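The structure appears below as structure tokens.
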Amino acid sequence: MDLRSVRDARMDEIVAWIRAKNPDLEGAVLPDADLIETRLLESLAFLEFVGLLEELSGATIDVGSLSIDDFRTLDRIAERFL
């Protein structure tokens with residue numbers, strides 16, 4: 001499996017997680033959609049989401065070094081963490 005396929009598979013898991021947390025969500029989660037503004041990623045589930053990213057990336061994420069902008073879009077999440 002090449003790196004692009006691995007990244008795509010990880011992004012599929014992220015989108016599945018977002019969908020599970022937002023069961024009323026209809027349509028696609030676009031790569032450039034603002035996940036914060038659309039409330040698809042909310043503070044109550046944030047640490048769980050960071051845990052998912054750690055699991056998928058295989059790296060520990062220092063929560064103190066994070067910016068809200070790191071989580072705005074799927075594109076930014078992939079760039080920053082995958």
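The values are calculated or read from the model by the stated rules, or taken from the named source; none is laboratory data. Note that the structure is predicted; figures quoted are calculated from it, not measured. Ideal geometry is used to build each Cβ from the backbone, glycine not excepted, and the neighbour counts take in all protein chains shown.
Observations, loosely collected:
- For the range 55-82, residues that are under 20 Å from Arg4 (Cβ atoms) and not in a helix (DSSP H, G or I) total 4.
- Against the numbered list (1) of a type outside the set (Phe, Trp, Tyr); (2) surrounded by 13 or more Cβ atoms within 10 Å (Cβ to Cβ); (3) on the phi > 0 side of the Ramachandran plot, Gly58 comes up short only at (2).
- Number of positions in the range 33-70 that are of a type outside the set (Asp, Glu) and either closer than 13 Å to Met11 by Cα or touching a strand residue (DSSP E or B) at 6+ places or on another chain (Cβ under 6 Å) (or both): 5
- Any hit, the range 71-81, residues being in contact (Cβ under 8 Å) with a residue 40 or more places away in the chain, under 22 Å from Ala20 (Cβ atoms), loosely packed, with under 15 Cβ neighbours inside 10 Å and under 13 Å from the mean Cα position of the chain (by Cα): yes
- Check on Leu52, at pLDDT 90 or above, assigned to a loop (DSSP other than H, G, I, E, B) and in contact with a helix residue (DSSP H, G or I) (Cβ under 6 Å, 6 or more places away or on another chain): no
- Subset of the range 20-55 that is closer than 17 Å to Arg80 by Cβ and not aliphatic (A, V, I, L, M) - its residue that is nearest to the chain's Cα centre (by Cα): Phe49
- Residues that are at pLDDT below 90, exposed (fewer than 11 other Cβ atoms within 10 Å of the Cβ) and either among the hydrophobic types (A, V, I, L, M, F, W, C) or touching a Cys at 6+ places or on another chain (Cβ under 8 Å) (or both), drawn from the range 1-27: Met1, Leu3
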